[in-house]
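In what follows, a structure is listed as structure tokens, so that the remarks can point back to it.
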Amino acid sequence: MNDLTFAKIDQTVLDTLQPPDRSYWVTVGILFIGVLTGAACWIYQILTGIGVAGMNNPVAWGTYLINFVFWVGIAHSGTLISAILHLLRAGWRNPIARAAETMTVFAVCIAGLFPFIHLGRVWLVFYMLPVPNQRNLWQNFQSPLMFDVVAISTYLTVSSLFWFTGMLPDLAVIRDRATGLRKKIFTVISLGWTGAHEQWRHYARGYLFFAALATPLVISVHSVVSWDFALGVVPGWHTTIFAPYFVAGAIHSGLAMVLTLMIPLRKIFHYEKIITTGVLENVAKTIIFTGLIVGFAYATEFFMAWYSQNPLEMAIFKYRPTGDYAVGFWIMVVCNTIIPLLLFFKHIRTSILWLFGISILINIGMWYERFVIIISSVSRDFIPHAWGLYSPTIIEFGIMLGAFCLFFFFFLLFVKHLPSVSMTEMKEILEQGEDHVG
Amino acid sequence: MISNHNNTSVFQKKRVFLICLALLVIGFGTFVFGLMGGHPERAWQAYLINFLLWSSIAQGGLLFSVVMHTVKARWSGPLSNLAESFVAFFPISFILFLILFFGKNHIFPWIHQDLHGKEIWLNVPFLFTRDFVGLLVLYGLGFVYLYHALWLKLDRSMSHGRIRKRLYSGWDRSISDAQRCRDRMTIFGILYILAFALVLSLIGYDLVMSMDPHWYSTLFGAYTFVKAFYIGLGGLIILASILHLNPDIEFKLKPSQFHDVGKLFFAFCLVWADFFYVQLVVIWYGNIPEETTYLIERTMTPPWNSLAWFVFIICFILPFVILLNKKVKTKPQFMSILCAVVIMGIWLEHLLLVGPALNHHALSLPLGLTDGLIFLGFLGLISLAVMYFLNLFPEFLRGETREMK
């Protein structure tokens, strides 16, 4: 960090926007094929009917809802890094804040797609909007699913605005050095930024207010998502710890995704001096913390099921580690709570390879967490007569592949066309030192 | 620096000491009087609530220092020192817990109930054993952390006193350099954080939630320890303000430090309210009779419903609205009053949680002068403990200690 200068920061970041080579476009193309595969599966589902997916009675929520919760979760750490750590004046978050915030925006978009995919007749989605109509329909605002519509759309709006506001000074830097069409585009999107004192003052205040408002928002969003389950009376779903536990789990998975994205990014774009090992180490330490919260929540649920001596609660918590989805359950426990403990060892959390491996395992574990929660509880409902199992079909896997490809497709386009590290915030660290930012 | 010693420890002034002692005697006298009187259960109820409240403040207070050390915060040095002084209440809290055993028939309504299989967990010997071990571990870790923190902060040229001499000889054997000392503080600090979460959850389940043995909420443990940190910060702000405002004491904080700790207090005010609401909404919406009876009794049935609103207003709405303002957070006089109000609110919140289970069919709130006097007794006790600590280690009252230089 010591030999960085303002010019070097600009240069390193602007270098990433140079015209890419062929391998970049090949990767983008492959991802686009993945996206098309997902789209084709969805179109097939629309034409044939929702029955092509594996959902059934009693398991009416399958991978579409799992992926929805998973992607909303991924989104959360972006706001943790850009807003909460900004309020806590943790300067180490500056080099990764932009990429994390971008991840948030794309992940919310992907998450927002899944309820649409889950709908059998997607063209009727406007029933969710409270528009005056002649059908005498009115939305059930007492339904957590309606809470979701409000929460997710607010979150998408705020995080996009926060992301764009933070990028303004950087867009102006690019505008000033660009030529031709690019200059025209960046002139428009940098909204006439000149770097005048007054603009900086408004920018700093605006950024702070966004951070302060985004913090309770991000907590409320995943709380609302958790209430899709917790407000019902299904054993294993109806539990008061769900909201904080989902928030912590979301940040846990999101931080893992940050590592998964940052490690290749810093390698490819030579960001080693900006995104230092120290930054990755701090992300790893935060992962230990969220992993412990998640572990605490798992243990509490089991303890409370036993303490309650409620036969239904006890049955579901016996079913999870030993029943039909036991493999998923153990993947979840090991990947989310035990493997992150390895990060307590310094040589592991400073090793890029270990970090990358662990981050991927946590992503898998967190996907399985949603699988275990969503599937196991409804598949063993109150009445044994109505029990049933679920497994995803090839169409669902196709759509899931499409979603992952779409996410990385967006991210790849982003890193080559917009500054993936905030030059402004890097200069702040350089100017004021890490502990005086904010 | 040593010559400052006599000036800095104004706590040696007899007046403050005597006032605290008087409070302690009054509180103790009221408690004993209550036991002898017709309603020993009322005295035990007040004792339990105060034990929970003041222990939480001490445990949450130390947590501040531990968290600041673990996250390598650089703004909080003098505040961390003060936070460590709450450790002096740990041994007292431990003894207070043991005394609770004598009130078991009054504070555990489930002792004579049919628990339908819960007897394995809810029985007196097991309960006291596990809580005894839990508190022992928590307080032990707190002391080990403090032992290392003192190494960094004490001025070894001051050699009077038995305790200091013992510390010095212990250090000579066990601690070699500052880096190793800090590393160990990190390890024991993390263990303390873990123990804080687990042991306070346990205490919350055993001493508060089990009052209604058939009701349960998975968030209750987390709610308990978040609340403890919330009032721990409140206690810390009060202590810092009192010392800061005393012109005879060298201890001073910058407005930015008051602002920062005020923001932290504000944040945990929100977290507390969030956990309060999150439990409420899930139970309300689920509408299962086993769960809702607990809420209906506390939030909809007189006399408790008005108390519930009062608690929510003074522990959340009032501080939330006030602390939105930046300037207020930098005013120690104002902040100490606000924190005191919140701490009293949490006292009432404990009453709200345990009261209905201990006072069936109460027509009015079981709240009287005796409760207030016992509260003051505990206040005197924790003040004496903190004063004793700060007298023993006057370095903690300096603006800066060795570590920060």
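Some observations on this one:
- Residue that is farthest from the chain's Cα centre (by Cα) [pool: residues in segment B:241-268 that are more than 12 Å from every other protein chain (Cβ to nearest Cβ) and among the aliphatic types (A, V, I, L, M)]: B:ILE249
- Considering the conditions (1) surrounded by 19 or more Cβ atoms within 10 Å (Cβ to Cβ); (2) touching a Lys or Arg at 6+ places or on another chain (Cβ under 7 Å), A:THR187 is excluded by exactly one of them, (1).
Quick grid of which residues meet (1) away from chain A (no Cβ under 14 Å); (2) part of a helix (DSSP H, G or I); (3) touching a residue at least 24 places away in the same chain (Cβ under 8 Å):
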position: B:ARG180; (1), (2), (3): yes, yes, no
position: B:LEU194; (1), (2), (3): no, yes, no
position: B:ALA197; (1), (2), (3): no, yes, yes
position: B:LEU200; (1), (2), (3): no, yes, yes
position: B:LEU207; (1), (2), (3): yes, yes, yes
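- Residue match in segment B:297-308 (condition: surrounded by fewer than 17 Cβ atoms within 10 Å (Cβ to Cβ), of a type in the set (Phe, Trp, Tyr) and away from chain A (no Cβ under 14 Å)): no
- In segment A:289-308 there is no residue that is more than 10 Å from every other protein chain (Cβ to nearest Cβ), at negative phi, surrounded by fewer than 17 Cβ atoms within 10 Å (Cβ to Cβ) and of a type in the set (Val, Ile, Thr).
- Condition met for B:LEU245 (touching a Pro at 6+ places or on another chain (Cβ under 8 Å), over 22 Å from B:LEU53 (Cα atoms) and surrounded by fewer than 17 Cβ atoms within 10 Å (Cβ to Cβ)): yes
- Of the helices (runs of 4 or more DSSP H) that lie entirely inside segment A:166-268, those containing 2 or more residues that are more than 14 Å from chain B (Cβ to nearest Cβ), under 30 Å from A:GLY357 (Cα atoms) and not small (Gly, Ala, Ser) span A:242-268.
- Here the condition is being of a type outside the set (A, V, I, L, M), free of Cβ contacts under 8 Å to residues at least 24 places away in the same chain and part of a helix (DSSP H, G or I); of B:PHE320, B:PHE334, B:PHE312, it holds for B:PHE334 alone.
- Some residue of segment B:217-224 being assigned to a loop (DSSP other than H, G, I, E, B), in contact with a Ser or Thr (Cβ under 8 Å, 6 or more places away or on another chain), farther than 20 Å from B:CYS339 by Cβ and not polar (S, T, N, Q): yes
- Residue in segment A:103-114 that is surrounded by 19 or more Cβ atoms within 10 Å (Cβ to Cβ) and either over 19 Å from A:PHE68 (Cα atoms) or of a type in the set (S, T, N, Q) (or both) present: yes
- Filtered residues of segment A:224-269 (kept if in contact (Cβ under 8 Å) with a residue 24 or more places away in the chain, within 16 Å of A:PRO144 (Cα to Cα), surrounded by 24 or more Cβ atoms within 10 Å (Cβ to Cβ) and not hydrophobic (A, V, I, L, M, F, W, C)): A:THR239
- Scanning segment B:81-115 for residues that are outside any helix (DSSP H, G or I) and touching a residue at least 60 places away in the same chain (Cβ under 8 Å) yields B:PHE108, B:GLN113, B:LEU115.
- Answer residue from segment A:276-285, given it is surrounded by fewer than 23 Cβ atoms within 10 Å (Cβ to Cβ) and in contact with a helix residue (DSSP H, G or I) (Cβ under 6 Å, 6 or more places away or on another chain) and is farthest from A:MET314 (Cα to Cα) among those: A:VAL279
- Residues of segment A:1-31 that turn out to be surrounded by 14 or more Cβ atoms within 10 Å (Cβ to Cβ) and either at pLDDT 90 or above or among the hydroxyl-bearing types (Ser, Thr, Tyr) (or both), as a count: 6
- Verdict on B:TYR216 being modelled with pLDDT of 90 or more and within 14 Å of chain A (Cβ to nearest Cβ): yes
- Checking A:PHE68 against (1) over 30 Å from A:HIS385 (Cα atoms); (2) buried (at least 22 other Cβ atoms within 10 Å of the Cβ); (3) at pLDDT 85 or above, the condition it does not meet: (1)
- Some residue of segment A:366-381 being of a type outside the set (Gly, Ala, Ser), surrounded by fewer than 20 Cβ atoms within 10 Å (Cβ to Cβ), farther than 25 Å from A:VAL52 by Cα and in contact (Cβ under 8 Å) with a residue 24 or more places away in the chain: no
- Checked against (1) within 12 Å of chain A (Cβ to nearest Cβ); (2) of a type in the set (A, V, I, L, M, F, W, C); (3) under 26 Å from B:ILE57 (Cβ atoms); (4) surrounded by 15 or more Cβ atoms within 10 Å (Cβ to Cβ), B:ILE322 passes all but a single condition, namely (1).
- Test for B:ILE163: is it exposed (fewer than 13 other Cβ atoms within 10 Å of the Cβ) and either in a helix (DSSP H, G or I) or of a type outside the set (Val, Ile, Thr) (or both): yes
- Filter result (out of contact with any Ser or Thr (no Cβ under 8 Å at 6 or more places or on another chain), outside any helix (DSSP H, G or I) and surrounded by 15 or more Cβ atoms within 10 Å (Cβ to Cβ)) within segment A:45-65: A:MET55, A:TRP61, A:GLY62
- All positions within segment A:399-431 that are surrounded by fewer than 19 Cβ atoms within 10 Å (Cβ to Cβ) and farther than 22 Å from A:ALA99 by Cβ: A:LEU401
- Flag if B:VAL271 is out of contact with any Asp or Glu (no Cβ under 7 Å at 6 or more places or on another chain), under 20 Å from A:LEU213 (Cα atoms), within 11 Å of chain A (Cβ to nearest Cβ) and assigned to a helix (DSSP H, G or I): yes
- Test: residue in segment B:284-291 that is within 18 Å of B:TYR223 (Cα to Cα), within 12 Å of chain A (Cβ to nearest Cβ) and of a type outside the set (Gly, Ala, Ser): yes
- Residue in segment A:33-44 that is assigned to a loop (DSSP other than H, G, I, E, B) and surrounded by fewer than 17 Cβ atoms within 10 Å (Cβ to Cβ) present: no
The values are calculated or read from the model by the stated rules, or taken from the named source; none is laboratory data. The shown structure was predicted, so the numbers you read here are calculated from the model rather than taken from an experiment. Counting neighbours? That spans all protein chains shown, and the Cβs are built from the backbone with ideal geometry, glycine included.
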